[in-house]
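To start, the structure itself, in structure tokens.
The values are calculated or read from the model by the stated rules, or taken from the named source; none is laboratory data. Bear in mind that the values here come from a model prediction, so they are computed numbers and not experimental data. Please note: Cβ atoms are built from the backbone with ideal geometry, for glycine as well, and neighbour counts cover all protein chains shown. The protein model used for the area step is the full one, side chains on, heavy atoms only, and it has no ligands, DNA or RNA in it. Shrake-Rupley method; radii C 1.70, N 1.55, O 1.52, S 1.80 Å.
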Amino acid sequence: MADRGWQAMRIEMWTTEHVGQWLKFLDLGGYRKSFKDNAVGGPELLDLEPEDLVHLGVQTLGHRKRLMLEIKKLRENTNATNSLSSISTTDNTDGSDWSEDDLSSSSCSSAASAASSSSAAPAPEKVAEYIPVKVYYKKKITVLSVKPNTSLEKLKRMVKSEFRRRLQLQYEDSDGDRIDLKKSSDLKTAFRTIAPPLRIICTRRQSSRKDLISHAQKEMLETMLDPTVAIDIHGNVLLFNHPAELLFGYSKADVIGESVNMLMPPTYAAKHDEFMKAYLKTGVKKVIGSGRQVIAQHASGRAISVQLAVSEFKDRKSQFFIGTLRKVEETADNRFTEFKDVNEPVVIIDTIGEILWTNQASSSLWGIPLKEMLGQNVNILMPNPYRDNHIHYMLNYQRTGVSRVIGKQREVVIETADGTIQPVFLSVNEKVYANGEKVFIGLVAKRRVSITKAKTFVQRQRQMINDIQTPSVLIDEQCVIQAFNMSATRLLGYDLSEVLGQNVKMIMEDKEAAKHDQYVAQYLATNVAKIIGSERHVLAKTSEGSLINVKLTISECREGDRRLFFGMLHAPHS
């Protein structure tokens, strides 16, 4: 049974991990990462509005309505009993692994019992099992629920989990003074003497930075006319001079102590840590000591072309890296120069979606010759419904200036020349040239999960499924959904964009889903069919998480050594 101690806690004390447990409990666990990345704890959850859910990536209307209904229940419970005993969802026994020992509490059944005994005599007041702790780091704030006997080291681990870095902790006493937390006894003293909630202020460790860069070195780098950034061996920013502030649109306070990855597009950022680790391990220099043209990212999310030179300072006491940058003024001759040496696929389009420039990596990924890609609309690289809707997204952005994708990395699906649907990571940046021309730069990174190519066989089967009226799903040997017709959308509520490239388990009842991949693998190995060609009653999961009875028939399509499986869903009334 999954640990549900969070259900007995005050919602205002929930951490981002508790919110993740709550989402999984509602069968909406796919949104956990987005909520956690945006630091949505209990207090933030109670304040969410529908437009906030859109920003968090909840694009499906049914999911937004359900979440707002559940948030409304949380608000009502907060005003009444501060418990979750009235949430009307089915039991979830999926063994969630989100909880920590420090975040556990009494069982759900005991909380429900306490909440339902309103007519009973009030119980004696108990010592609080948890103490609410407000934790501040720069402009971020979160609330942790901590046991009174929690050690300082465990609290530091909890803070690190929230902010993804190890920080120095201080607490604020009743006079407003900040007192260092150096040992567990300091924390127990704070719990004993400060009325909840305890306020803890987090700061980056200063001593290492002072040791790494001497006063003379810092003074020299600060006064350089070119934008200059210094980082340590972990990629954390040590120095960010005034010209760098002007170039990137960030203040020193925004950047110092943060990862340098914030200054580059997400796809580049994902590679940067790998480059750093490889250099520190091998000592082989690829960029240090040389200049190159690269793409950087402004605080607004737009792309900046810069000339970057990286140097290294190393002695017996310290080691750090210095990057000096100079903005490149593009002309018709040197446009896109910074992308010519990029190994990953890059696609650059204008404001109506026409492909202006791309590279050989893109040609290889999509299976389309370079000459045939240039001048085409970028929607040829994506499956429907993205293909038909892409121009509307672009026109809407140009009209409103509001974008949910620029400057961010997200998971999308592409369609290659042979009809294969393939999941990738995509980051989009906007760039405006001196002459006023605006372009959009798409950087693509392959996901580790690969889908076997399916030639034109997939396209033919997909077309057949789209043309029939019965709710139908097409999957490949890896159980990845390759087609999902409109009748299936009407029956189950999923938008096509939600299911393409996903494992078909997402539309199954949990017990059946847990066994499905094993069934398919066994059939592929033995060719002994148990359910293919027969009809059976199963439970299908809708987009809102409810289960409906359907009659399922499965057939197999073969072409050479390639196999696809075709499932037809008949609703009970059909």
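Annotations
- Per-residue accessible area (protein heavy atoms, 1.4 Å probe) orders Val347, Val287 as Val287, Val347, starting from the largest.
- Computed from the alpha carbon positions, the gyration tensor of the range 211-348 leads to an equivalent ellipsoid with semi-axes of 24, 18, 14 Å, biggest first.
- Efficiency of FRET from Cβ geometry, Asn377 and Ala299, R₀ 22 Å, rounded to 0.05: 0.10
- The modelled label-to-label distance for the pair Ser555/His392, using points 7 Å beyond Cα in the direction of Cβ, is 3.3 nm.
- Spin-label model, Asn343/Glu245: points 7 Å from Cα along the beta carbon direction are separated by 3.7 nm.
- The apolar share of the surface of the range 196-301, taken as the fraction of accessible area on carbon and sulfur atoms (1.4 Å probe, ligands and nucleic acids excluded), comes to 59 percent.
- Pairwise label distance in nanometres, Gln307 with Glu222, each label 7 Å out on the Cα-Cβ vector: 2.8
- Accessible surface, 1.4 Å probe, highest first, among residues Tyr494, Tyr397: Tyr397, Tyr494
- Once the chain from Lys182 to Ala521 is taken as fully extended at 0.36 nm per residue, the excess over their C-alpha distance is 116.6 nm.
- Take the Cα radius of gyration of the range 130-210 and divide it by 2.2 N^0.38 Å, N being the number of residues; the result is 1.02.
- Estimated FRET transfer efficiency when R0 is 35 angstrom, pair Leu547-Gln459 (beta carbons, to 0.05): 0.60
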